[in-house]
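Here's the structure, in C-alpha cells; my notes come after.
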Amino acid sequence: MEPNVKIDLLIPGLPAKTDHFLFGICSLLLIRTAGRTILFDTGPFRIRPFLIKALEDLALSPKDIDTVFLTHLHWDHVENLDLFPDAEVLTPRSEFEYAAAPRPNDWGTPPYVREILRDMKVTLLPEQEQEIFPGVRTLLLPGHSIGLQGLVIDTANERAVLASDALWSARDATRAIPDVAFFDPAKAQTSLDKALAAGDVFYPGHDRPFRFTNGIVQYLTQYRYELSFPFQPLGQSFSLGISTERKTSAESQR
Ligand SMILES: [Zn+2]
C-alpha cells in the first residue's frame, strides 16, 4: 500500500537580510503520516505565538506533535523545542556532537544549544540516508552546517524535498549556487545540486515552497508582510507593506 503522507506549511520562511541583524525566520512544516505528527524545525522564539496559532488553524495544539525533526542546530531552527517536551526529537548525530564545541565564529550554532536538547527524548540520526517513517526518507545535505539533514517525502501526487537551509531561497535554484554556505562551501554546492535533483516540489529553509521545472520557479504560496518603525515620538510610524500578490488595478493606482 502506498504511504499517505501530508505536508502543511505552518510558517513560510522569509528570505530577508539586513545589515543590522539576522532575520532568522525559517520554514516550519507539519508532516502527517501513519501514526506520526511531525514538526519539521521549530523556528526562533519570536515566532512562537504564530506557530501556536498555525497549529490551532489545523485544530492541533503543541501536545499533538509527537515527533520533532531538527534539520540542524542553528538558533533559528531550535528555539521552540521546549513547547514539545514529550515529543521524540530526531536530529543528526554530527550536529549534536559538533554543538558541544562550535567554532568560535559560528553565528548559527549557539553555545547553549545542547542545553535546549537536555532532558528531551533525542534520537540521533546516523550519517546515512534511511526511511524513518513510511514514505519519509532522510537526505544528507551538509555544507550550510556540519551535518544538515533534510527529508524526501512522497505525497499523493509528487515528491517533495524538504531541504531546509541547504536550499536557502528559490534564488539558489535559479542561480544553482548556495547563498548561505558558510560552514563548508564545496559540500554546500554538492548538497544544493543533490537536493534539486531529488524531487519535484521544494521547501527551502527561508522561502516559500515552489515547483521547479526547466529552470522556472513557480511559487505555491504568496507573502504579505507589514513592518512598522515608530522612529518619531510625536509623528507617525514609518510603515512598509510587502506583498508578492499581484496588485489589483485599484491598488496600483493609489
Ligand atoms: Zn541554518
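The values are calculated or read from the model by the stated rules, or taken from the named source; none is laboratory data. These figures come from a predicted structure and were not determined experimentally. Neighbour counts are summed over all protein chains in view; Cβ atoms, including those assigned to glycine, are modelled from backbone coordinates with ideal geometry.
Which residue pairs have Cβ atoms under 8 Å apart, sit 6 or more places apart or on different chains, and have a first residue in segment 81-108 that is over 21 Å from Thr67 (Cβ atoms) and a second that is aromatic (Phe, Trp, Tyr) and surrounded by fewer than 20 Cβ atoms within 10 Å (Cβ to Cβ)?
Final answer for the pair search is Gly108/Trp75; Gly108/Phe182.
Of all residues being hydroxyl-bearing (Ser, Thr, Tyr) and under 18 Å from the mean Cα position of the chain (by Cα) in segment 71-95, which is nearest to the ligand (Cβ to nearest atom)? Just the residue, please. Steps first, please.
Initially, segment 71-95 is screened for residues hydroxyl-bearing (Ser, Thr, Tyr), giving 71, 91, 94.
Then drop every residue that is not under 18 Å from the mean Cα position of the chain (by Cα), which leaves 71, 91.
Values: Thr71: 8, Thr91: 13 Å.
Result: Thr71.
Of all the strands (runs of 3 or more DSSP E) wholly in segment 1-63, which have at least 2 residues that are on the phi < 0 side of the Ramachandran plot and of a type in the set (D, E, K, R)? If you could, list the steps in order and put the result at the bottom.
Working: elements: 6-11, 28-33, 36-40.
Because the criterion is at least 2 residues that are on the phi < 0 side of the Ramachandran plot and of a type in the set (D, E, K, R), the strands (runs of 3 or more DSSP E) in segment 1-63 that meet it are 6-11.
Just checking, which of Phe50, Phe45 is within 16 Å of the ligand (Cβ to nearest atom) and either more than 15 Å from Met120 (Cα to Cα) or surrounded by fewer than 22 Cβ atoms within 10 Å (Cβ to Cβ) (or both)? Explain how you work it out, then say what you get.
Values: Phe50 fails: within 16 Å of the ligand (Cβ to nearest atom).
It is Phe45.
For Val152, state whether it is within 22 Å of Leu90 (Cβ to Cβ), modelled with pLDDT of 95 or more, touching a strand residue (DSSP E or B) at 6+ places or on another chain (Cβ under 8 Å) and not charged (D, E, K, R).
Numbers: within 22 Å of Leu90 (Cβ to Cβ): yes; modelled with pLDDT of 95 or more: yes; touching a strand residue (DSSP E or B) at 6+ places or on another chain (Cβ under 8 Å): yes; not charged (D, E, K, R): yes.
Yes: the conditions hold for Val152.
Quick test for you: out of Asp165, Asp179, pick the one residue that is free of Cβ contacts under 8 Å to residues at least 40 places away in the same chain and either within 16 Å of the ligand (Cβ to nearest atom) or closer than 21 Å to Leu39 by Cβ (or both). Talk me through it step by step, then tell me what you get.
Values: Asp165 fails: free of Cβ contacts under 8 Å to residues at least 40 places away in the same chain.
Just one listed residue meets the conditions, Asp179.
Specify the residue that is nearest to the ligand (Cβ to nearest atom); the eligible residues are those in segment 147-162 that are closer than 17 Å to His72 by Cβ and touching a residue at least 60 places away in the same chain (Cβ under 8 Å).
Initial filter on segment 147-162 (closer than 17 Å to His72 by Cβ): 147-152, 161-162.
Retained after the next criterion (residues that are touching a residue at least 60 places away in the same chain (Cβ under 8 Å)): 147-151, 162.
Numbers: Gly147: 12, Leu148: 7, Gln149: 12, Gly150: 12, Leu151: 16, Leu162: 14 Å.
Checked segment 147-162; the qualifying residue nearest to the ligand (Cβ to nearest atom) is Leu148.
Where the second residue is loosely packed, with under 11 Cβ neighbours inside 10 Å and the first is more than 14 Å from Leu162 (Cα to Cα) and lies in segment 210-222, which pairs have Cβ atoms under 8 Å and are six or more apart or on separate chains?
What qualifies is Gln222/Glu245.
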